[in-house]
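A short reminder: the numbers here are calculations on the coordinates, not readings from a lab. The model shown is predicted, which means the values in this text are computed figures rather than measured ones. Note: ideal-geometry Cβ built from the backbone for every residue, glycine included; neighbour counts use all protein chains shown.
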């Protein structure tokens, strides 16, 4: 059993999120940097703030039940996604319905030159979750947590080929829902 799994399982006091975040902080910060790269200049959310906000939300979650490394990365990725979406919604509300902030979704969801709205992606992810929860989890692990496909396959307990196949299906669904397919 890895240290991360042991810390997440905790004991009477529950999961030791501080130890998990201390161990994974450099990786989480790098992933946050990747997630925020495509945002417009002038945005105020920094990678450090994103990781710290994710930590704060996870620590204060009422019913947090993390079951190992896979579940931690899926939950942290989803939490970061929600923080970014909340940040974008707040910025749009301040602009009184102004243009949505576009995020370039390069290799992960859209083609190299395609741009899509993270808010549209969030809605499409919610739709995907209703019909294919495993594909939604795969997208969160790949796009929001930034994990390599081989690690995702291992975490989801599927073959690499199946992971790639499900990734292609999820991308096609998201492209269609976001008006890019």
task = Take each of the peptides 48-54, 162-168, average the number of other beta-carbon atoms within 10 Å over its residues, and list them starting from the highest.
result = 48-54, 162-168
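Assuming 0.36 nm per residue, please report the length gained on full extension of the stretch residue 82 to residue 172 beyond their Cα-Cα distance.
So the extension gain works out to 30.2 nm.
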note = The simple spin-label model distance between residue 160 and residue 134, using points 7 Å out along Cα→Cβ, in nm, is 1.9 nm
ask   = Full extension from residue 19 to residue 46: what is 0.36 nm times the residue separation minus their Cα-Cα distance, to one decimal in nm?
value = 7.5 nm
note = Per-residue Cβ contact counts at 10 Å, fewest first, order 134, 178 as 134, 178
ask   = How far apart, in nm, are the 7 Å Cα→Cβ label points at residue 59 and residue 150?
value = 3.5 nm
query = Given the Cα-Cα distance of residue 3 and residue 30 and 0.36 nm per residue of separation, how much length would full extension add, in nm?
reply = 7.6 nm
